[in-house]
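Novice: Just passing along the structure, written as structure tokens.
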Amino acid sequence: MRIRHRGQSPRIDPTAFAAPTAVLVGKVTVGPRARILYGAVLDSEGSRVEVGEASIVSENAVLRATAVGAVDAPVLLADHVFVGPHATLLGCTVESGAFLGTGATVLQGAVVRSGGVVGVGALVHARTVVPGGVFVPPNAVALGDPLRIYGPGDGESLVRAIQEIEFSRTAFGVEVSGRERHAIYEDVTETRSAEYAAHLDDEVLGDAE
């Protein structure tokens with residue numbers, strides 16, 4: 001399904017494949033020989049989503065860009081990127097020849113360099129850079145630049161590291177310092193409610209458009 005959003009329509013190269021149950025919303029560009037499989041969602045919001053040549057977006061993956069305030073956070077996939085089933089990519093960049101395993105997550109402002117691997121269920125946190133050729137193990141958390149990798153037993157140090165990168169500011173433009181959690185999350189939902197209000201004017205496109 002293709003949807004016109006904020007006046008922008010998806011563009012799919014004639015040699016690419018987008019499954020009939022994939023949903024492409026707004027300013028989405030799918031390059032030559034790319035494959036968007038069943039149930040995938042590519043949503044540009046106020047920014048853009050770009051999928052390079054021969055890249056694979058597997059079943060039920062979510063690629064969502066965002067633009068909060070003055071921050072533009074597109075999802076940019078270079079050529080020959082593999083995105084596994086149920087992966088989530090939010091406002092990030094993935095360079096050529098990178099591999100994201102099943103259930104991997106890459107958050108806003110992160111970059112996975114060429115040849116990087118994000119293992120099954122692993123998380124690349126906001127504003128993190130995974131250098132070329134580096135393997136993030138399954139279910140690990142990759143954070144920072146320079147990169148640090150945290151395992152299941154690193155809870156306290158991981159919490160401190162996430163606080164240092166100001167995730168809520170990066171992802172939602174929401175100030176955290178000195179505030180109660182409920183107030184922070186009220187602002188988070190208000191931010192996304194305002195951003196997603198543009199979907200009220202979406203238009204489903206026919207096959208010929």
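Novice: Confirm whether residue 188 is in contact with a helix residue (DSSP H, G or I) (Cβ under 8 Å, 6 or more places away or on another chain), more than 22 Å from residue 57 (Cα to Cα) and surrounded by fewer than 20 Cβ atoms within 10 Å (Cβ to Cβ).
Specialist: Spelling it out, residue 188 is indeed in contact with a helix residue (DSSP H, G or I) (Cβ under 8 Å, 6 or more places away or on another chain), more than 22 Å from residue 57 (Cα to Cα) and surrounded by fewer than 20 Cβ atoms within 10 Å (Cβ to Cβ).
Table: residues versus (1) in contact with a strand residue (DSSP E or B) (Cβ under 9 Å, 6 or more places away or on another chain); (2) over 23 Å from residue 26 (Cα atoms).
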{"position": "146", "(1), (2)": "yes, yes"}
{"position": "149", "(1), (2)": "yes, yes"}
{"position": "158", "(1), (2)": "yes, yes"}
{"position": "165", "(1), (2)": "yes, yes"}
{"position": "172", "(1), (2)": "yes, no"}
{"position": "176", "(1), (2)": "no, yes"}
{"position": "181", "(1), (2)": "no, yes"}
{"position": "198", "(1), (2)": "yes, no"}
{"position": "206", "(1), (2)": "yes, no"}
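Novice: Next question, about the same structure. Taking region 28-53 as the region of interest, how many residues are within 19 Å of residue 109 (Cα to Cα) and in contact with a strand residue (DSSP E or B) (Cβ under 6 Å, 6 or more places away or on another chain)?
Specialist: Here the count works out to 11.
Yes/no matrix, rows are residues, columns are (1) within 22 Å of residue 192 (Cα to Cα); (2) within 17 Å of the chain's Cα centre (by Cα):
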site	(1), (2)
6	yes, no
32	no, no
40	yes, yes
44	yes, yes
52	no, yes
61	yes, yes
64	yes, yes
76	yes, yes
82	no, yes
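Novice: List pairs: first in region 156-169 and among the aromatic types (Phe, Trp, Tyr), second at pLDDT 80 or above, Cβ under 8 Å, 6+ apart or cross-chain?
Specialist: Taking only residues 6 or more apart or on different chains, the pairs are 167/107; 167/125; 167/126.
Novice: Further question on the same structure: Would you be able to say whether some residue in region 136-151 is within 23 Å of residue 46 (Cα to Cα), in contact with a helix residue (DSSP H, G or I) (Cβ under 8 Å, 6 or more places away or on another chain) and surrounded by 12 or more Cβ atoms within 10 Å (Cβ to Cβ)?
Specialist: Checking region 136-151: not a single residue is within 23 Å of residue 46 (Cα to Cα), in contact with a helix residue (DSSP H, G or I) (Cβ under 8 Å, 6 or more places away or on another chain) and surrounded by 12 or more Cβ atoms within 10 Å (Cβ to Cβ).
Novice: Going through region 120-130 one residue at a time, which ones are surrounded by fewer than 20 Cβ atoms within 10 Å (Cβ to Cβ), at pLDDT 95 or above and not β-branched (Val, Ile, Thr)?
Specialist: Of everything in region 120-130, just one residue is surrounded by fewer than 20 Cβ atoms within 10 Å (Cβ to Cβ), at pLDDT 95 or above and not β-branched (Val, Ile, Thr), namely 121.
Novice: Please go through region 37-55 and pick out each residue that is surrounded by 21 or more Cβ atoms within 10 Å (Cβ to Cβ), touching a Leu at 6+ places or on another chain (Cβ under 8 Å) and not charged (D, E, K, R).
Specialist: 40, 42, 49, 51, 55
Novice: With closer than 25 Å to residue 169 by Cα, of a type in the set (Val, Ile, Thr), touching a residue at least 12 places away in the same chain (Cβ under 8 Å) and surrounded by fewer than 18 Cβ atoms within 10 Å (Cβ to Cβ) as the only criterion, which of 94, 75, 106, 71 stands out?
Specialist: Every option except 71 fails the conditions.
Novice: For region 157-185, give me the residue count where each residue is within 24 Å of residue 67 (Cβ to Cβ) and surrounded by fewer than 11 Cβ atoms within 10 Å (Cβ to Cβ).
Specialist: Counting residues in region 157-185 that are within 24 Å of residue 67 (Cβ to Cβ) and surrounded by fewer than 11 Cβ atoms within 10 Å (Cβ to Cβ) gives 1.
Novice: Do you know which of the residues in region 133-191 that are polar (S, T, N, Q) and in a helix (DSSP H, G or I) is modelled with the lowest pLDDT?
Specialist: The residue in question is 163.
The values are calculated or read from the model by the stated rules, or taken from the named source; none is laboratory data. Owing to the predicted nature of the structure, the values given are computational and were not obtained by experimental measurement. Backbone-built Cβ (ideal geometry, glycine too); neighbour counts: all protein chains shown.
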